[in-house]
Structure formats: structure tokens, C-alpha cells
1. Please verify whether residue 664 is closer than 30 Å to residue 620 by Cβ, assigned to a loop (DSSP other than H, G, I, E, B) and among the aliphatic types (A, V, I, L, M), treating the condition exactly as stated.
2. Yes or no: residue 197 more than 27 Å from residue 345 (Cα to Cα) and either modelled with pLDDT of 95 or more or among the charged types (D, E, K, R) (or both)?
3. Are there any pairs with C-beta distances below 6 angstrom linking a residue in segment 281-295 that is under 15 Å from residue 251 (Cα atoms) to a residue that is outside any strand (DSSP E or B), with the two at least 6 apart or on different chains, and if so which?
4. Considering only segment 191-222, state which residues are within 22 Å of residue 153 (Cβ to Cβ), in contact with a Ser or Thr (Cβ under 7 Å, 6 or more places away or on another chain) and assigned to a loop (DSSP other than H, G, I, E, B).
5. Residue 315 - would you say it is touching a residue at least 60 places away in the same chain (Cβ under 8 Å), under 25 Å from the mean Cα position of the chain (by Cα) and within 30 Å of residue 653 (Cα to Cα)?
6. Consider only pairs whose beta carbons are under 7 Å apart and that are at least six residues apart or on different chains; among these, list those whose first residue lies in segment 474-502 and is under 30 Å from residue 433 (Cα atoms) and at pLDDT 95 or above and whose second residue is of a type in the set (A, V, I, L, M) and exposed (fewer than 15 other Cβ atoms within 10 Å of the Cβ).
7. Could you say which residue among 569, 554 is of a type in the set (Ser, Thr, Tyr), part of a strand (DSSP E or B) and surrounded by 15 or more Cβ atoms within 10 Å (Cβ to Cβ)?
8. Consider segment 301-313. How many of its residues are in contact with a Phe, Trp or Tyr (Cβ under 8 Å, 6 or more places away or on another chain) and either part of a loop (DSSP other than H, G, I, E, B) or under 12 Å from residue 281 (Cα atoms) (or both)?
Amino acid sequence: MINFSKLKKIIFYFSLFLSLGTCLFCLQEENQISEEVKIIAAHSERVEKRIVASGNVEVIYKNIKLLADRIELDTESKDVFASGNVVLQTPDEVISAEEIRFNLHSSEGELRKVFGMIQPTIFYEADNIERKEQDLYRFEKARITSCTQPVPRWDFSCSRADFKKDKYIEMWGMLLRIKGIPVFYFPYLKYPLDKERSTGFLMPQIGHSGPKGFFISQSFYWALKRNMDATLNVDFYSARGIGGGLEYRYLFSEGTGGELNLYYFDFRKNVESNEPQSAYIIRLNHNHPLPYNFNLVAKVDYQSSYDFLREFDNNFKRAVISNRNSQVYLSRSWSSFNLNLRVSRFETYFSQRDGSIIKNNFPEASFSSSKIKLFSPLFFSFTSNFTRWEYGWDTDYEAGSQKKSQSLTFNPCLSFPLTSIPWLTINSSLSARFAYYFQSYAPGTKTVVDEHLFTNNYVFDVEFIGPVFYKIFYDSLNEPKLKHIIEPTFSYKYESPLESSQRIITAGYLSRNHYLRYGLTNRIIIKEDNMPREIFTLGFSQNFYLLPEEGPLSRYRVDGKIPEFSDLSAYLRFYPLKNYSLDFTANFNPYYRTFSSLRLGANLGSPLDNTFLRVNWYKSINPYQKMSVWNRHQVGLYAGLKIPQLSTETQAEIDFNIQERKMLYSAFMFIYHYQCLDFRVDLKIFYFRERPETQFRVSIGLGNIGKTTDFLGGIGF
């Protein structure tokens, strides 16, 4: 058998021999059979329609060249039998074999003990090849690779294969070898050759998890049409069961498109286990333009079990936040008006209470306008809404005691912006709110009765931005380079009393706005490519409630008094370069002299750079209720490093609960680009699960075959 690793050298020498052959033997006997076939050989003999030639034989027919030690040719049928150092060359392939039976006209035939190359980079060897037509081959006992290294790093061996030029290679009984070591066995594999999307199996992921045992994930990509495709997936966990999923993506004319994700898991039957029989996930995003400029959008994110999502979803941020939602809304915009209709259901699960808060809107309709100029500088706008909703814990729904309400509201607004003074901007508005409630609380109780309720009030709002101060800094060429702007702000908002407010059914609390707000903002703007770009912003603001007993802090007491001042809010944004940013916000409580919330987000580079770092830190407490279940204190880090010299990529992610002093999640990814191979290793540790899980995954990128992605975790890291 020919050494497969020396394939490129052998092909090179045969090509060189072919190039020199004509010159070396141009003086030898030349037998011109016809205008189409020419034979150059050391010796040749013709008997009627049969020619036998030997000694450095070269047969030329159209764009085909055949070289061999000996050939037999039927000049009428164009059948040729060649043996001894046979080389068949066409414009885009070179084949070497021990012997060949071939028809020069049809390009069909059989070859034995073959190795060759088909452009651009498909190398192979086989015991036998049947060439059915110019671009279709049947291989028997073959080895195939598209690795272009002098010694191919990987190859497929198979019992048989069908090769379609520039399209695919179908293999049966395929064994993948890397550096001569058997790695994967596939009963069937279709390897794509074209640059377009191709239907076929993706490279699997294998791994191990303590609670779930050995697992393997295998996906099949289905290129349905140019405007739609699908990915079918199977996940097998030796200790837990088997699951399957579908990702279907589609895009039709005029913007209709979307994505549908389905997943079903069947738990392994175990009489000692309390696990359910099955679980499923449905996710849908659909957009559909309709006649008369209407647009329909549908969104669904539903899972049958929050426990399943928490234990199996490998997307950390999705697994720790348990939500279900489904909504369909219809919208249309024209001129200055907007129409929106929506039906929705939102559910959020709280593990602390082992219960869910559910809100249903069926339906919710709004009709509004943007600002319509009456005369300069007076503008008119309005919003109108009809809502019918339900709200409560799941136990409230079971008992039939959830809150319910339906109402009709109309809010006209007159706004009066004043921008004629360069250093001062004044925005003022006067709006009214007319509301009709179909149900209400009975006077002095929380009992819902079918008594209609009509309320109305008005809101006056005025905001002053300025006087604005600024200073421009110049460079050495006296060109403006930097501008520092200081903007003080002051606003006043008054909301008139609302009669019978205690009878209005709400999901939360009603409060009345009557406050002063003051703040200060610093901005730094630089000139970049003759365009201004804001690189630094620092702002402060605070509210003073003129009527604290009816304001949003009326539920709390400090030394027996209702707070009059809100938290002091500050924010800082720094964007020195495109991929570098710092965002920081803080709220300081003046009564308890503590920060009620702190949030930091920093981006140093991006995942496309050789190095990047993302930091997300968040702390939130309610100083008025220090034992609140809403208190949070967490930090998350996400970093990556690429070393092109070593052909490696690494990424790491950590999420830590500072408040409870425990790790929530950590992950590490390593990729090694080994010439024509990609080795990927994922290590993830889920501390938050009922049984902390350490998950190890391995996958290989191979030529034109994509890798199976983590169906339950998404494409990202």
C-alpha cells in the first residue's frame, strides 16, 4: 500500500514527470490515431482497431492526459486499459494508480490501488475507485483528508464513499483518525466541499458531569432552502436520560422571519428517583409584516419545569433567573400616530418562596400621537389606553383571589419647549389624565366590586437645563481639541390630588408626584475625525418631595418621620476608545448614610481582540428594610486571551455572590488551533445547582464540518 503521508510528494513527482515527458519522448514513435487521440510511446503496435503501446506511454485526448508503462486502446470505443505507474491528469485533478480501465470519451471507468488529489485540497487513497461520470466517484476502502499539511494531521477511513466534485463526500463506516489515533466512529458521515451551507452531521461534543454522568451531544444541520435552515440535536446523559432539540430559522419576503427552538427531555426511569417523566422548552421569535403597514410580532419563552431549567440550562444568566413569558402584539405607525395591541403573560419564579408572580394582560391596547405642532413653540400630544389585567402569586390564582382590573385612560398633553436662548433650555408641559375603571374596591375595604369609578387629575412639569458653561481647549496648532461642558438642571413636578385613589385597584402602590429635582452634569467632548465624540460624563441628581406623605417613600419611616429626600444618584461614563468603556452608577441614602445601590461595568477590549476583560459588579440594599429579599451583592468577570504565536485562545468567566460569600458559577474554555484542526475544551462548574455540577466538554473542529454547539447553553461561552 502506498504511504498516504507521502501523497503530496508523489503527486509532485508525477506532475514533474508529466511536464518533462513530452520533451523527453517527443522524438520517440508517435502514433496519430485521429484528430482527437494521440499516443506518444517508446514502442507501439496496432492491430485493426486495437493499439498496444509500452515504454513511457502518454495518451492525450482533449483535456485528459494518461501516462503509464503500458496501455491497450480501442480506437473506436475509446476504451483504454493502462498498467504500471499510471497517472491520470485533468485540469483540476491528478490520480495515480496501479492500473486503470477507463473510457476517454465518457470519463468513466475503474481504478485499482489509487491515490490522488482533487482541487482545491482533497487528498485520498483507495483500494478501488469507480468513476461513474466526470464528477462522481465511488470509493472502496478509502482514506480521505482535506488537511494540506505535508503529513496530514487527520484523515477519514471508510469502507465505501461517494464523492461528488465540489459538493460532498458521503462515507459509510467512517473512522476519524488524528495523528494516526482513532478518535470517532460514525456509521455515516457527509462531508461538505462547497462554500455554501451544506446538509450534514456536525462534529459531536463529548464530556462528563458528576450528577449526569457521561454525555454526548450530536447535531445534524439541515440546509432546507436559501431562506431557511434547521439544526436537529440529540443529548445523551448516561445518568439522567436523553433529550432532543430543534432550531428552525426562516426568512421570507418583505421581512417575515424568525426562529423557533424546541427541546424535549425524557428522564431515565428510576424507581428511587422523584424526577418527572419529561420536560420541554419552547422558544419563539416571529416577525410578520401585514397589509396596510401593520406588523405582527410573537414572542414565547416557556419551559415546563423551572427545576429542569436550573439543573440543565448551561446558560448561567438564564438558569438563575426563572421566567416564563409569551406575548403577541400588533402595531402600526403612520404620520404622527401609533397603534399597539398586545396580549401577554409574564411569570417570575422565586425560589425563596417556591412560588411565582404572574401578570396577564388580555388585551392591552394603546393609541398615541407624537408631538403635533399647533403654533411655535406649542405642541400637542396624547396617549390613550385600554388595559385588562390580572396579577398575583400562583397560589392567588389557584384560590381565585388574584387582583383583576380593566380601565380606559386618556392623557392629553400640551408642551412648551423654549430653546431660543443658547445657554438655557426650558421644557414645560401640562397634561391631564382621565381614567375610567370598570371595577373598584368597595369604600374602606379591599373587596373588589363591580362598581365603576371615574377619576381625573392633571400634571404640571417644568425643567430648566442651564445656564450652560463651557470651555474649549486647543492643541499646539491652535485647533479646538476638547470641550468641557457644565450643565446644571432644575425641575419641578406637580400632580394634583386624585379623588377616591384608595378605591383604585393596582398591582403595586399608588403615589403622588410633587417634588423638586436638581442636578449637575459634566461632559467632556473631543474632536475626532472632524466629528464630536463624548468621552466622559459625570452627573448627580436628587429629589426633594414637597408632599412626602403621598410620595413614593410614604411607606417608610426614619425616626418616626417620612423621608423628604430621595437617594442622591450619580453616574459616570467614560469611553476613551471604541472598545474601552467604564460605566458606574451609585445611589446614596442620606438618612442611613449608606449606598443603596452600586453598579460598575467595565469593558477593556472586545472578544475579537487578543485580550479583553469585562467586569460587572452590582450591590443593592434597601436601607429601610435591611432584611429585604431583594438585596443583592454580586460580581462577575469575563476575560479572554489569544496568543497567535502559540495558536491558542482562552476564555474564563466567574460569578461570585459577595453577600452570601459563595461562588455561583465559573467556566474556562481553551482552544488550540493545530494547523487544520481546532481542539476545544470547556470546563464549567455550576455551584448554584441542587447538586453542584462540574461539567467537562471536548469538541473538535475539522475542516469544513462545524462543531455541535451546546443546545441548552447557546452559542456563546
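The values are calculated or read from the model by the stated rules, or taken from the named source; none is laboratory data. These figures come from a predicted structure and were not determined experimentally. Every residue, glycine among them, receives a Cβ derived from its backbone with ideal geometry; neighbour counts consider all protein chains shown.
1. The answer is no for residue 664.
2. On the way: more than 27 Å from residue 345 (Cα to Cα): yes; either modelled with pLDDT of 95 or more or among the charged types (D, E, K, R) (or both): yes.
Yes: the conditions hold for residue 197.
3. 288/256; 289/254; 289/255
4. Matches in segment 191-222: 202, 204.
5. Working: touching a residue at least 60 places away in the same chain (Cβ under 8 Å): yes; under 25 Å from the mean Cα position of the chain (by Cα): yes; within 30 Å of residue 653 (Cα to Cα): yes.
The answer is yes for residue 315.
6. The qualifying pairs are 492/516.
7. 569
8. 5
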